[in-house]
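Let me begin by presenting the structure, written as structure tokens, before commenting on it.
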Number of protein chains: 2
Amino acid sequence: MKIHNFNAGPSVLPKEVVKKSAQSIINFNGSGLSLLEISHRSIDFLEIIEKATFLIKRIMNLNDDYAILFLQGGATLQFSMVPYNLMNQEASYLDTGFWAHNAIKEAKKFGKVKVLFSGKNKNYTYISTNYHIPCDMDYFHCTSNNTIVGTQMKIFPRTSIPIVCDMSSDIFSRKLDFCQFGLIYASAQKNVSSAGMTIVIVKKNILGTIRKNIPSYMDYKIHIQNNSILNTPNVFSIYTSMLTLKWIENQGGLSFLEKNNQKKAKLLYDEIDQNNLFENKIHQENRSNMNVTFFLKEKNLEKEFNKMWKKENIVGLDGHRYLGGYRASIYNALPLESVQFLIEIMKEFERKFS
Amino acid sequence: MKIHNFNAGPSVLPKEVVKKSAQSIINFNGSGLSLLEISHRSIDFLEIIEKATFLIKRIMNLNDDYAILFLQGGATLQFSMVPYNLMNQEASYLDTGFWAHNAIKEAKKFGKVKVLFSGKNKNYTYISTNYHIPCDMDYFHCTSNNTIVGTQMKIFPRTSIPIVCDMSSDIFSRKLDFCQFGLIYASAQKNVSSAGMTIVIVKKNILGTIRKNIPSYMDYKIHIQNNSILNTPNVFSIYTSMLTLKWIENQGGLSFLEKNNQKKAKLLYDEIDQNNLFENKIHQENRSNMNVTFFLKEKNLEKEFNKMWKKENIVGLDGHRYLGGYRASIYNALPLESVQFLIEIMKEFERKFS
């Protein structure tokens, strides 16, 4: 049974990654043990975490100025960990979506927050580039891709203060100059692995300026000292990440994936734009290549459209509960043919109901 | 190949749980999707979390005064979350082992800590019951089982203030009157599931007295309001927990497991006590039924003993790196025959080298 999985996260992973991770649960590397039963301090696991770290650095072209951490608690815990570790007085944030908004809410518990741009009154349908970052801020925080509304930052600002970026929904989906960031965090369940693990990539020299008494689990420096095993990490998800990272390199790295993602997104946006029954509300230059949102122009056709795609083994196309409409999440591992299949359904729907 | 897995955590899980969790990664409930690819807000997953919650309450005989949470960050994050949510002024702690000591260290970042008993100067080899809990403390914190040194609390004190208990290494291993606790937490990777998930069981009426500005991920009340899906939880580990909880009931619940664990532990302690070459350093009444530590009386035999058990497909018998010696972790899912097998090896070793 072929399922077309447009879930926003957890979401589709490469077939071979899924298969190998299941095998490793039955018998890890021929050891006779399950991957779930090996010690996180065993040589086997230390090799996995080392390999995953190495691959992230190679894929993102980062040197040893950066530390790679595999933590827990999702982006939501990062919303607090970032100010815990980096905020002395005041930080600047972009309010570009629901999650960015939550990040601001959490940061305000630690100090002052200057919101340099908010798209809230325009329902987050665009991201301004017309803002100034004061250089006396502790850091600048942005969200590279806004999963719910379907926008993506295509340009990042230049500034002398550390740029902190939540890349939860577009990490490893495109080539960027990653050295421009002081800290990147991303929950794994979209482009990388199973849920319950967060990748943090941090330039080591931005840490250590805070005199707060940081709880150990919230302290990046302690995690760096302990090579992500301060306590037992999510062994399974880290292993699965390592498999996906290998897959990324085998596919041709970020250059290939970026082209492929652009191609998938363009096909789908073109269909939405030309189809009489659908519309996308995002400003052209901010359309996400990961989460494509669209709406029926006539809401009363909803029932018919839902019936049509649901019977064709398409899953996860419902829009976020805050927004309604539809959302096709087209992450790295979603095959081109699933996008093409969805487009055929949309065309058929137009023929029938236009 | 039969492996005898004495790992301290992650550690041995029931065979059928491992098998079914692997199957679900290939094809979850016949849906054609991997368990790793389903939404945490799907009906399928909501049913899993509801079932796991229901089973925990039934197994522990807890009513709806208690909320069950499935969080991330391990016991280490709980070391901070507990004082974040419960400490106004001062709390009392028992210092019964390395992890208890860490819990105290973290709590001191939030307020005053009164240590009612410390076993540190006796290398944590016993746990006193001779202490008084002042009733003007915010809570009393203890560790039911000390994984590293191998002690276990057999009696819990009576007090009118909330008892907070870290049960990471002995949850679901014995029958207790669980209503005596205000809050129980346990990382999953010993008796329950894969690593990367923490079960928190909290009596709802002990929360909400703190006026601190709690980061959302650290706030039990927010997790309760969101039914553990404030953000994406560790879907895989929660599913696997649910399978283990079913297994626990099918085995005969905590009464059966407690008897079985006592039997396994007694066999092993009896062997250590009668064997000329080994010794256990824990006070008789505090010996853990989960982690059995022992030492060679003559350290120069170490190489020979290690050679012997390693060639017999025994894994995870090395003592914790802080202590050395040996540790057999004999959690719920470790079969009696693995304990018997280890005892045979110890007897053979005695015959050869005594």
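Numerical summary
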| item | result |
| --- | --- |
| Candidates A:Asn145, A:Asn123 - the one that is under 17 Å from A:Ala186 (Cα atoms), more than 12 Å from chain B (Cβ to nearest Cβ) and not aliphatic (A, V, I, L, M) | A:Asn145 |
| Where B:Ile184 falls short, out of the listed (1) without any contact (Cβ under 8 Å) to a residue 24 or more places away in the chain; (2) within 12 Å of chain A (Cβ to nearest Cβ); (3) of a type outside the set (D, E, K, R); (4) not in a loop (DSSP other than H, G, I, E, B) | (2) |
| Positions within the stretch A:16-32 being without any contact (Cβ under 8 Å) to a residue 12 or more places away in the chain and closer than 30 Å to A:Gly319 by Cβ, in sequence order | A:Val18 |
| Selected residue (only one of A:Glu337, A:Glu279, A:Glu302, A:Glu348 is modelled with pLDDT of 95 or more, surrounded by fewer than 16 Cβ atoms within 10 Å (Cβ to Cβ) and under 23 Å from A:Lys259 (Cβ atoms)) | A:Glu337 |
| Residue match in the stretch B:304-312 (condition: within 14 Å of chain A (Cβ to nearest Cβ), over 30 Å from B:Leu254 (Cα atoms) and outside any loop (DSSP other than H, G, I, E, B)) | yes |
| A:Asn121, sole failed condition from (1) in a strand (DSSP E or B); (2) surrounded by fewer than 18 Cβ atoms within 10 Å (Cβ to Cβ) | (1) |
| Output for the stretch A:322-331, where each listed residue is out of contact with any Lys or Arg (no Cβ under 8 Å at 6 or more places or on another chain) and either more than 13 Å from chain B (Cβ to nearest Cβ) or at pLDDT below 95 (or both) | A:Tyr322, A:Leu323, A:Gly324, A:Gly325, A:Tyr326, A:Ala328 |
| Unmet criterion (only one of (1) of a type in the set (S, T, N, Q); (2) at the interface with chain B (Cβ under 10 Å from one of its Cβ atoms); (3) touching an Asp or Glu at 6+ places or on another chain (Cβ under 9 Å)) for A:Gln152 | (2) |
| Residue match in the stretch A:100-122 (condition: under 20 Å from A:Leu176 (Cα atoms) and either within 21 Å of the chain's Cα centre (by Cα) or free of Cβ contacts under 8 Å to residues at least 40 places away in the same chain (or both)) | no |
| Test result for B:Lys108, within 12 Å of another protein chain (Cβ to nearest Cβ), of a type outside the set (Ser, Thr, Tyr) and surrounded by fewer than 18 Cβ atoms within 10 Å (Cβ to Cβ) | yes |
| Residue match in the stretch B:201-214 (condition: touching a Ser or Thr at 6+ places or on another chain (Cβ under 6 Å) and in contact (Cβ under 8 Å) with a residue 40 or more places away in the chain) | no |
| Flag for A:Asn102 being surrounded by fewer than 21 Cβ atoms within 10 Å (Cβ to Cβ) and assigned to a loop (DSSP other than H, G, I, E, B) | no |
| Out of B:Val115, B:Val82, B:Val149, B:Val164, sole residue that is of a type in the set (A, V, I, L, M) and surrounded by fewer than 22 Cβ atoms within 10 Å (Cβ to Cβ) | B:Val115 |
| Condition check for B:Lys266: of a type outside the set (Val, Ile, Thr), modelled with pLDDT of 95 or more and part of a helix (DSSP H, G or I) | yes |
| Selection within the stretch B:213-226 - modelled with pLDDT under 95 and buried (at least 24 other Cβ atoms within 10 Å of the Cβ) | none |
| Flag if A:Asn286 is within 14 Å of chain B (Cβ to nearest Cβ) and buried (at least 18 other Cβ atoms within 10 Å of the Cβ) | no |
| Subset of the stretch B:1-46 [within 25 Å of A:Asn231 (Cβ to Cβ), within 8 Å of another protein chain (Cβ to nearest Cβ), touching a helix residue (DSSP H, G or I) at 6+ places or on another chain (Cβ under 8 Å) and in a loop (DSSP other than H, G, I, E, B)] | B:Asn7, B:Pro10, B:Ser11, B:Val12, B:Leu13, B:His40 |
| Residue among A:Phe256, A:Phe236 that is in contact with a Phe, Trp or Tyr (Cβ under 7 Å, 6 or more places away or on another chain) and either outside any loop (DSSP other than H, G, I, E, B) or of a type in the set (Phe, Trp, Tyr) (or both) | A:Phe236 |
| Answer residue from the stretch B:52-63, given it is part of a helix (DSSP H, G or I) and touching a residue at least 60 places away in the same chain (Cβ under 8 Å) and is nearest to the other protein chains (Cβ to nearest Cβ) among those | B:Ala52 |
| Search result, residues across the stretch A:64-99 that are in contact (Cβ under 8 Å) with a residue 60 or more places away in the chain, more than 14 Å from every other protein chain (Cβ to nearest Cβ) and assigned to a loop (DSSP other than H, G, I, E, B) | A:Asp65, A:Asn88 |
| Members of the stretch A:232-261 found to be of a type in the set (S, T, N, Q), more than 14 Å from chain B (Cβ to nearest Cβ) and surrounded by 18 or more Cβ atoms within 10 Å (Cβ to Cβ), listed by number | A:Asn260, A:Asn261 |
| Unique match (being more than 13 Å from every other protein chain (Cβ to nearest Cβ) and either crowded, with 22+ Cβ neighbours inside 10 Å or closer than 23 Å to B:Ser21 by Cα (or both)) among B:Ile199, B:Ile229, B:Ile210 | B:Ile199 |
| Residue check, B:Ile49 of a type in the set (A, V, I, L, M, F, W, C) and within 8 Å of another protein chain (Cβ to nearest Cβ) | no |
| Counted residues, the stretch A:246-271 - those being in contact with a Ser or Thr (Cβ under 9 Å, 6 or more places away or on another chain) and of a type outside the set (Lys, Arg) | 5 |
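The values are calculated or read from the model by the stated rules, or taken from the named source; none is laboratory data. Keep in mind it's a predicted model, so treat the numbers as computed, not measured. When we count neighbours, we look across all protein chains shown, and the Cβ atoms used for this are built from the backbone with ideal geometry, even at glycine.
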